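Participant: Before anything else, here's the structure in question.
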Amino acid sequence: MKKLLLTLVFALALTGAKADEGMWTLYNLPQAVYNKMAEEGFQMSYDDLYYSTEAIKNCVVNFSGYCTGVVVSPDGLVFTNHHCGFESIRSHSTVEHDYMLNGFYAKSYAEELPNENMFVSFMVSQEKITDRLQALGIDDMGASEQETLIDSLQQAMTDSIKAIDPTLHVSIDAFYEGNDYYATTYQDFRDLRLVFTIPKSMGKFGGETDNWMWPRQTCDFSVFRIYADPVTNGPAEYSEQNVPYHPKSWAPISMEGYKDGDFAMTIGYPGSTSRYLSSYGIKEMRDAENEPRAQVRGVKQEVMRRHMDADEAVRIKYDSKYAQSSNYWKNSIGMNKCIDSIGIINQKKEFENRIRVWQDETGYLKDSLDFDRLAELYSQRFDINRHNTYFFESFWRTSEFFNRAFKIASPMGVPVDNPEAEEKKQYMQFEDNSAEWDEALDKEVMATLMKNYADHYTDQRPSFYQTIEKKFKGNYQKYVDWLYKKSLLMKPGAKLYINTKKFDKDPGVQLGRELMAIAMMSYISTASIDEEIAKQEKYLCAAKLRMEEDMPHYSDANFTMRLSYGQVGGYELGGQPSGYYTEASSIVEKMTRADENVEYFAEPIMHELMSTNDFGPYTDKTTGKMQLCFLTNNDITGGNSGSPMFDGKGRLIGLAFDGNWDSLSSDINFDKRLARCIGVDVRFVLYMMDRWGHADRLLQEINPQ
């Protein structure tokens, strides 16, 4: 009777409220989900998602391990977001040739710019291997043993697949809080070249003012090309002899557009969600992670912004770093507001009470899942976790000096440049990366973050704080200046002989060792608690899956390929309809306010292009407008940036680049009424490539229909 009731509930959910929540794996997409997609307007077959030769998954790529992209031409062109290509654009920029400020278009293959350490990865196949790992005893192992087992099996599977095709490799990932494991086969292409980017005035239009906000007018795209071995058309390290990659299939681009209520689907690589997380975990996330993260980053970004505004060369060096920091600064603030306004913690508690009742009735996991123990464990970890957030946000990867200090204190040992030399002559030498950072900014960030940390913690400070108090009378800036002067860490070309007294007495080395000692202690102090919490969260997820076993469930995001679907459409914003798209006049209106807000600045040519009365074939045939950005209720998160947005025929209509302010709690709770995905209309993309970039060769290659 209970199963029948649950089935009925799910059936009503599918036929009533829109079933747009979910980040679904493609290879085992539940039939009920596909049926609902078809009912809402998806016109492709089930096999066309994953199984067929020209399956839609074959044109979607993992973009460099942090974003998503889509192949759009027979010669390997890839669309992704402007902010996903930002580091590439920045790294190729100089004051004389500022591609961030002025944009870039390669008018021939020879002008396309290679990028070290960037890649795209195609998902070849995926399979569930839970039974295989359970047969090897994974459920009875501790965390480190599990990691060792997974690494071993992953290597064995990779070796096996490489015997068939040496360009492939396998990755094993945990799903459903470790209740399942999937093995995914990938093919990586590491010769990826920048082809086209518009000026950041358009690619980042609205900046932090509009980040996570609606309405949006940001033309958030960049274009890259995959290069391949000229003989095999397969992956190859960068070489001038490589040629454009010729994929078996690519995404067709639609000029037809969309209407309110039309089917929309997003496929990409969402990074991380925590929707199975307990109420105790959400409270910890809000108070011990998000709140201190936002506080520290706000302090750091104020210093960065001031230096960047004062010097164009500094801005180029730090634009990407600032954007990365500020994105999750604002995310943390918005998520906490949503947690409280929606009442997510209480909602979770109510659901957990339902599971308790069901557990008492069925006895399922009676000797394993213990809610009182879970609450106790989180209570034990809370203060430690809050401190750890302050510590790592203050010292880990926040300045070049701290970066070097941590490297020199690596628990794996100092990396030696001449290990063959006798012990006393062994040294390490930092590469000259002066083009990546600025000394004045680095110093002030260090001093500011040291003081900010001290303002929040009096009894968990490294011992160098005593030096600051005694020798420098609490003047953090003087201490940092002294560090720069006395330590060899920042001396250009200096050789640090690691087995000498001079090395041990170097104040930068001492600082690094003190910071690393605290970092290691932080890890050790919570290791056993972390492991026990992970087990309890795993049991909690298992209980939910069993209690609702007649309903399909998707796993939390883990940067594996996922599909989400729903409809084009707006939501209620401030008591008024939000609208589902923006059009050209709205960006012109914001551009006129650039004197009030520099993030609305755009060059005169952009004013001209967006003010024209003739947008030609890029005009929407239904509205008669040039549509810029649009909303869907697709389910996305970080990592989905650059994800292709498809219509019901599998045609590209846009690129996902953001969520709205009301969606910031979606990582833990998806609210169908409020959560929206913001995408840039592909016709806006093509318009800028055409009318600003005059990229005729690319448009002919893409051949939009």
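The values are calculated or read from the model by the stated rules, or taken from the named source; none is laboratory data. Keep in mind that this is a model prediction, so the values were computed, not measured. No Cβ is skipped: glycine too gets one built from the backbone with ideal geometry, and neighbour counts run over all protein chains shown. Areas reflect the complete protein model, heavy atoms only, side chains present, ligands, DNA and RNA absent. Shrake-Rupley method; radii C 1.70, N 1.55, O 1.52, S 1.80 Å.
Participant: Only helical DSSP H runs with n ≥ 4 go in: add -39500 (n - 2.57) per run for the chain, normalise by residue count and round the 222 nm mean residue ellipticity to 500 deg cm²/dmol. Don't jump to the answer; show the numbers that get you there.
Facilitator: Working: 24 runs with 295 residues, N = 705.
It lands at -13000 deg cm²/dmol.
Participant: Give the Kirkwood hydrodynamic radius (Å, one decimal) of segment 416-473, defined as one over the mean of 1/r across all pairs of different Cα atoms.
Facilitator: 14.8
Participant: Taking the Cα-to-Cβ direction at GLU589 and at PHE351 and moving 7 Å from each Cα, how far apart do the two end points lie in nm?
Facilitator: It works out to 3.8 nm between the two label points.
Participant: Estimate the FRET efficiency between HIS246 and ALA517 by the formula 1/(1 + (r/R0)^6), using the beta-carbon distance for r and 41 Å for R0, to the nearest 0.05. Kindly include the intermediate steps, with their values, before the conclusion.
Facilitator: Working: r = 53 Å, r/R0 = 1.30.
Given R0 = 41 Å and the Cβ-Cβ separation, E is 0.15.
Participant: How far, in nm, would the chain grow between THR526 and ARG132 when pulled straight, counting 0.36 nm per residue and subtracting the alpha carbon separation?
Facilitator: Values: separation 394, 0.36 × 394 = 141.84 nm, distance 3.01 nm.
Extra length available between THR526 and ARG132 comes to 138.8 nm.
Participant: Report in % the part of the accessible area of segment 246-318 that belongs to carbon and sulfur, leaving out ligands and nucleic acids; probe 1.4 Å.
Facilitator: Values: 1310 of 2620 Å².
Taking all protein chains in place, segment 246-318 shows 50 percent carbon and sulfur surface.
Participant: OK, next. Pop out the carbon and sulfur fraction of the accessible area of segment 108-228 as a percent, whole number, probe 1.4 Å.
Facilitator: Numbers: 2290 of 4720 Å².
Carbon and sulfur: 49 percent of the exposed surface of segment 108-228.
Participant: In the chain, if the dipole is taken from +1 on Lys/Arg beta carbons and -1 on Asp/Glu beta carbons about the Cα centre, which of SER274, PRO292, SER254 is farthest to the positive end?
Facilitator: PRO292
Participant: Using alpha-carbon pairs under 8 Å, 6+ residues apart, how would you state the relative contact order of segment 28-140 in percent? Mind dumping the intermediate values first?
Facilitator: Working: 79 pairs, mean separation 24.5, N = 113.
It rounds to 22 percent for segment 28-140.
Participant: Now, a different point. With the calculation restricted to Cα positions, what are the radius of gyration and Dmax of the chain in angstrom?
Facilitator: Rg, Dmax (Cα atoms, Å): 26.4, 77.
Participant: With an 8 Å cut-off on Cα pairs and a minimum separation of 6 or more residues, tell me the relative contact order of the chain in percent. Before the final figure, lay out each step's value.
Facilitator: Details: 1270 pairs, mean separation 166.4, N = 705.
Reported as a whole number, the value is 24 percent.
Participant: Something else now. Specify the inter-centroid distance of segment 101-160 and segment 566-632, based on alpha-carbon positions, in whole Å.
Facilitator: Their Cα centres are 38 Å away from one another.
Participant: Let me know the Rg and Dmax you get for segment 389-445 when you use only its Cα atoms, in Å.
Facilitator: Cα only, segment 389-445: 14.1, 41 Å (Rg, Dmax).
Participant: Ok, one more. Could you give the size of the charge dipole of segment 30-175 about its Cα centre, using +1 on the Cβ of each K and R and -1 on the Cβ of each D and E, expressed in debye and rounded to the nearest 20? Please report the intermediate quantities before stating the final value.
Facilitator: Numbers: 7 positive and 22 negative charges, 51 e Å.
That gives a dipole near 240 debye.
Participant: For segment 89-203, what is Rg from Cα atoms divided by 2.2 N^0.38 Å, rounded to two decimals?
Facilitator: On the way: Rg = 20.8 Å, N = 115, 2.2 N^0.38 = 13.4 Å.
Relative to the 2.2 N^0.38 Å estimate, segment 89-203 comes out at 1.56.
Participant: At 7 Å along the Cα-to-beta-carbon direction for both LYS621 and GLU54, put a label point, then send me their distance in nm to one decimal.
Facilitator: 2.1
Participant: For the charge dipole of the chain, defined by +1 on Lys and Arg C-beta atoms and -1 on Asp and Glu C-beta atoms about the Cα centroid, which residue among THR148, THR582, ALA517 has the Cα displaced farthest towards the positive pole?
Facilitator: Result: ALA517, furthest along the dipole toward the positive end.
Participant: While we're here: Can you tell me how much longer the chain between SER144 and LYS486 gets when fully stretched, taken as 0.36 nm per residue apart minus their C-alpha distance, in nm with one decimal? If you can, show how the numbers build up before the last one.
Facilitator: On the way: separation 342, 0.36 × 342 = 123.12 nm, distance 4.02 nm.
Answer, rounded to one decimal: 119.1 nm.
Participant: Quick one: which of 192-199, 620-627 comes out on top by average Cβ neighbours within 10 Å, and what's the full order, highest first? Please report the intermediate quantities before stating the final value.
Facilitator: Values: 192-199: 24.6, 620-627: 15.4.
Ranked by mean Cβ neighbours within 10 Å, highest first: 192-199, 620-627.
Participant: At 0.890 mPa s and 25 °C, plugging the Kirkwood radius over alpha-carbon pairs of segment 73-153 into Stokes-Einstein gives what diffusion coefficient in µm²/s?
Facilitator: Details: Rh = 17.2 Å.
Estimated diffusion coefficient is 142 µm²/s.
Participant: While we're looking at this one, here's another question. If you check each cysteine of the chain for another cysteine whose beta-carbon is under 4.7 Å away, which ones come up empty?
Facilitator: CYS59, CYS219, CYS338, CYS541, CYS629, CYS677, each lacking another Cys Cβ under 4.7 Å.
Participant: Among the listed pairs LYS36/LYS57; LYS204/LYS330; LYS407/LYS505; LYS200/LYS330; LYS317/LYS495, which are separated by more than 23 Å between their Cα atoms?
Facilitator: On the way: LYS36/LYS57 19 Å; LYS204/LYS330 16 Å; LYS407/LYS505 16 Å; LYS200/LYS330 20 Å; LYS317/LYS495 26 Å.
Among LYS36/LYS57; LYS204/LYS330; LYS407/LYS505; LYS200/LYS330; LYS317/LYS495, the Cα-Cα distance tops 23 Å for LYS317/LYS495.
Participant: Another question, then. Starting from the Kirkwood Rh over alpha-carbon pairs, what translational D in µm² s⁻¹ does segment 173-260 have by Stokes-Einstein at 10 °C and 1.306 mPa s? Display every interim value, and only then the final one.
Facilitator: Values: Rh = 17.3 Å.
For these conditions, the coefficient is 92 µm²/s.
Participant: Given charges of +1 on the Cβ of Lys and Arg and -1 on the Cβ of Asp and Glu, with all other atoms neutral, how large is the dipole of segment 202-255 about its Cα centre, in debye to the nearest 20?
Facilitator: Values: 4 positive and 6 negative charges, 45 e Å.
Taking the Cα centre of segment 202-255 as origin, the dipole is about 220 debye.
Participant: Just how large is the dipole of segment 423-483 about the Cα centre, in debye to the nearest 20, putting +1 at every Lys and Arg Cβ and -1 at every Asp and Glu Cβ? Spell out each step's value before the answer.
Facilitator: Numbers: 9 positive and 12 negative charges, 108 e Å.
The dipole of segment 423-483 has a size of about 520 debye.
Participant: If you don't mind, there's one more thing I want to ask. Averaged per residue, what accessible area in Å² does the chain show with a 1.4 Å probe, protein chains only? Display every interim value, and only then the final one.
Facilitator: Values: 30340 Å² over 705 residues.
Dividing the accessible area of the chain by its residue count gives 43 Å².
Participant: Moving on. Pop the C-beta distance of GLN187 and GLU116 into the FRET formula with R0 = 22 Å and round what comes out to the nearest 0.05.
Facilitator: Details: r = 20 Å, r/R0 = 0.90.
For R0 = 22 Å, the calculated efficiency reads 0.65.
Participant: Just the C-alpha atoms of segment 593-705: what Rg/Rh do they give, with Rh taken as the Kirkwood radius? Mind dumping the intermediate values first?
Facilitator: Working: Rg = 16.2 Å, Rh = 16.1 Å.
So for segment 593-705, dividing Rg by the Kirkwood Rh gives 1.01.
Participant: Then there is this: Three principal axis extents, largest first, for the C-alpha atoms of segment 6-160, in Å?
Facilitator: Per principal axis, max minus min of the Cα coordinates gives 64, 46, 28 Å.
Participant: Note the full-extension length gain between GLU302 and ASN233 as 0.36 nm times their separation in residues minus their Cα-Cα distance, in nm to one decimal.
Facilitator: Numbers: separation 69, 0.36 × 69 = 24.84 nm, distance 4.77 nm.
Full extension of this stretch gives 20.1 nm more.
Participant: Okay, next question. I'd like to know which of MET610, GLY642, ALA527 lies farthest towards the positive end of the charge dipole of segment 506-660, counting +1 on Cβ of Lys and Arg and -1 on Cβ of Asp and Glu.
Facilitator: GLY642
Participant: Provide the solvent-accessible area of GLU549, counting protein heavy atoms only and rolling a 1.4 Å probe, rounded to the nearest 10 Å².
Facilitator: Approximately 90 Å² for this residue.
Participant: Residues of segment 485-501 with backbone nitrogen within less than 11 Å of a virtual label 7 Å along the Cα-to-Cβ line of GLN429, please, listed as ranges.
Facilitator: 493-496
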